[in-house]
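The values are calculated or read from the model by the stated rules, or taken from the named source; none is laboratory data. Predicted model only: the values in this text are computed from it and were never measured. Please note: Cβ atoms are built from the backbone with ideal geometry, for glycine as well, and neighbour counts cover all protein chains shown. We work out accessible area using only protein heavy atoms, side chains counted, and drop any ligands, DNA or RNA first. Shrake-Rupley method; radii C 1.70, N 1.55, O 1.52, S 1.80 Å.
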Amino acid sequence: NWYNISAYIPSRAGYTLTGFYDSPSGGTLVYYSNGACNNSSGYWAGNTYKHDGDLNLYAQWTPIIYKIVFNGNGSTSGKMSKMTMTYDVAADLTPNAFVKTGYVFTGWNPRPVNIWSDTDCYAQFRML
């Protein structure tokens with residue numbers, strides 16, 4: 001009985017499973033992301049398959065949204081808002097706005113390259 005496919009749920013780095021649909025994009029939701037059948041889809045009723053014929057399922061995914069928080073790490077002035085990023089979408093970082101008197105900004109730690117989850121980045125400075 002295939003009314004619940006929770007044992008067969010795939011994973012994909014950086015994405016959340018939206019569900020299984022009858023089309024590669026859009027379409028009708030056949031199974032929820034937890035593997036339970038959608039009894040209001042027309043394919044199922046009371047956990048009983050009602051569709052005549054074969055059915056191809058397509059996993060649909062939503063990219064994870066994450067944030068980068070910039071920390072002045074002892075800066076004497078400046079303020080920066082956090083950035084919201086989307087997995088697999090390239091974006092330029094907000095230019096550094098932190099200043100530390102007698103120092104020059106050298107970068108971030110960790111370097112915000114290939115970061116795919118919520119991260120705090122600390123300003124790094126060296127003496128002039």
- request: Give, as residue ranges, the strands (runs of 3 or more DSSP E) completely inside the stretch 58-128 that count at least 1 residues that are more than 30 Å from Gly19 (Cβ to Cβ).
  value: 65-71, 103-109, 119-127
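The rows are residues; the columns are (1) surrounded by 13 or more Cβ atoms within 10 Å (Cβ to Cβ); (2) free of Cβ contacts under 8 Å to residues at least 40 places away in the same chain; (3) assigned to a loop (DSSP other than H, G, I, E, B); (4) more than 17 Å from the chain's Cα centre (by Cα).
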residue: Trp2; (1), (2), (3), (4): no, no, yes, yes
residue: Ser25; (1), (2), (3), (4): no, yes, yes, yes
residue: Val30; (1), (2), (3), (4): yes, yes, no, yes
residue: Gly42; (1), (2), (3), (4): no, yes, yes, yes
residue: Leu55; (1), (2), (3), (4): no, yes, yes, yes
query: Scanning the stretch 74-112 for residues that are β-branched (Val, Ile, Thr) and over 18 Å from Pro63 (Cβ atoms), which turns out surrounded by the fewest Cβ atoms within 10 Å (Cβ to Cβ)?
result: Thr101
task: Identify the residue in the stretch 11-23 that is under 25 Å from Ser117 (Cβ atoms) and of a type outside the set (Ser, Thr, Tyr) and, among all such residues, is most open to solvent (accessible area, probe 1.4 Å).
output: Arg12
- prompt: Can you tell me which of Lys79, Lys50 is over 30 Å from Tyr122 (Cα atoms), out of contact with any helix residue (DSSP H, G or I) (no Cβ under 9 Å at 6 or more places or on another chain) and not small (Gly, Ala, Ser)?
  reply: Lys50
message: Go through (1) exposed (fewer than 11 other Cβ atoms within 10 Å of the Cβ); (2) under 23 Å from Gly14 (Cβ atoms) for Arg126 and report which single condition fails.
response: (2)
